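Encoded as structure tokens, the structure appears first; notes follow it.
The values are calculated or read from the model by the stated rules, or taken from the named source; none is laboratory data. Just so you know, these numbers come straight off a predicted model, no measurement behind them. Positions of Cβ are generated from backbone atoms using ideal geometry, with glycine treated the same way; all protein chains shown enter the neighbour counts. Heavy atoms of the whole protein, side chains included, go into the accessibility calculation; ligands, DNA and RNA do not. Shrake-Rupley method; radii C 1.70, N 1.55, O 1.52, S 1.80 Å.
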Amino acid sequence: MTARIDSVPAPRTLPALRRPRLPFSAWHLLLLPLALVFAAPLVWLLLSSVMSNAEINRFPPSLWPSRVDFAGYRYVLENALFLRWIGNSLIVSAVTVVSNLLFGALGGYAFARMRFAGSRVLLGLMIATMAIPFQLTMIPTFLVMKKLGLIDSLGALIVPSLVTPFAVFLLRQFFLSLPRELEEAAWIDGCSRLRVLFTIVLPLSRPALSTVAVLTFLSTWNDLTWPLIALNHDTTYTLQLGLTTFQGQHHTNWAAVMAGNVITVLPVLLAFLGAQKTFIQSITSSGLKA
């Protein structure tokens, strides 16, 4: 007597084991400690700005203020030249950002879309200048600014930074990632190259433009070496150079220094946080084509 095959029950399948899922990415376990390490100096700067000079100079140092003291902020804001230093820094940074966006876009578009004799060589030479340290060009730049009569004026800070190789190179790389078909359609309609650049290419290049603007603003706003060389009178000081006057040879008002640095860092943080998404988008898309 034979048993029927279809009457044999099917074997039971064990339920698949599910891996426990974290409510966040596993990379956060590594990034969070790193973020705390990088944020520690900023937190210490903020806390020490509301300490007294005695607490800041205490050994071992205090990690938390015993009481909130705004004497450093009062000393900074009551300085008659402090607002002038902020104005000088804003003027230099704003003019430098606008000029780099304009001239960087013109140069980057020429290298990306136009072919002329020696374009490759000029591009290579321009990129090579990015590897030259400022210490080598400091004296020649000073002599040129002296010949132009710009020493001890804001022009000495603006003219050498009207356009940088980095701005031209980054915008050129981003322009290469844009499809040519959009520009060719505009050329057929009779648009000139400048009109194509300003009406089609630049509106599509907001991530790259934002990146150039933020990085140019950061480098200009935080610059101390060149203003220290080019400026002599305190009325033309930038904010970074003006803060050095709070440090004396025998006595330093550390509370004022910390408070001034907090005020200096705020525009930088706001500029970076405001353009963070476009900054990342530009970095990821500007290297698609060489």
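Counting heavy atoms of the protein chains alone, MET126 has an accessible area of about 30 Å² for a 1.4 Å probe.
Ordered by solvent-accessible area of protein heavy atoms (1.4 Å probe), largest first, the residues PHE166, PHE82 come out as PHE166, PHE82. Measure out, as a whole number of angstrom, how far apart the alpha-carbon centroids of the range 114-137 and the range 218-234 sit. For the range 114-137 versus the range 218-234, the Cα centre distance is 25 Å.
Work out how much length MET130 to LEU106 would gain on full extension: take 0.36 nm times their residue separation and subtract the Cα-Cα distance, in nm to one decimal.
Stretched out fully, the MET130 to LEU106 stretch lengthens by 6.8 nm.
Heavy-atom accessible surface of TYR75, to the nearest 10 Å², is about 110 Å², with a 1.4 Å probe and all protein chains retained.
Accessible-area rank, largest first, for LEU136, LEU123, LEU150: LEU136, LEU150, LEU123, with all protein chains present and a 1.4 angstrom probe. If you sort the three axes of the alpha carbon gyration tensor as a ≥ b ≥ c, you get a/c of 1.5 or more for the chain and a/b no higher than b/c, which makes it oblate.
For TRP44, TRP221, give me the order by solvent-accessible area with a 1.4 Å probe, most accessible first, ignoring ligands, DNA and RNA. Display every interim value, and only then the final one.
Values: TRP44 90, TRP221 10 Å².
Reading off the accessible areas and sorting them downward yields TRP44, TRP221.
Once you have the alpha carbon radius of gyration of the range 92-148, what is it after dividing by 2.2 N^0.38 Å, with N set to its residue count? This ratio for the range 92-148 stands at 1.40.
Within the full protein context, the accessible area of GLU55 is estimated at about 10 Å² for a probe radius of 1.4 Å.
Screening the chain for whole DSSP H helices of 24 Å or more along their axis (Cα) with average Kyte-Doolittle hydropathy at least -0.5 returns 28-48, 82-113, 254-274.
Think of the chain as a dipole: +1 on every Lys or Arg Cβ, -1 on every Asp or Glu Cβ, centred on the Cα centre; then among THR211, LEU228, LEU150, THR211 lies furthest on the positive end. Heavy atoms of the protein chains alone define the surface here; on that basis the chain has 64 Å² accessible area per residue at 1.4 Å probe size. Dipole check for the range 70-285: with +1 at the C-beta of Lys and Arg, -1 at the C-beta of Asp and Glu, and the Cα centre as origin, the magnitude is about 400 Debye.
So, with a 1.4 angstrom probe, what is the percent of accessible area on the range 70-285 that is carbon and sulfur?
Working: 7830 of 11500 Å².
Within the range 70-285, the accessible surface is 68 percent carbon and sulfur.
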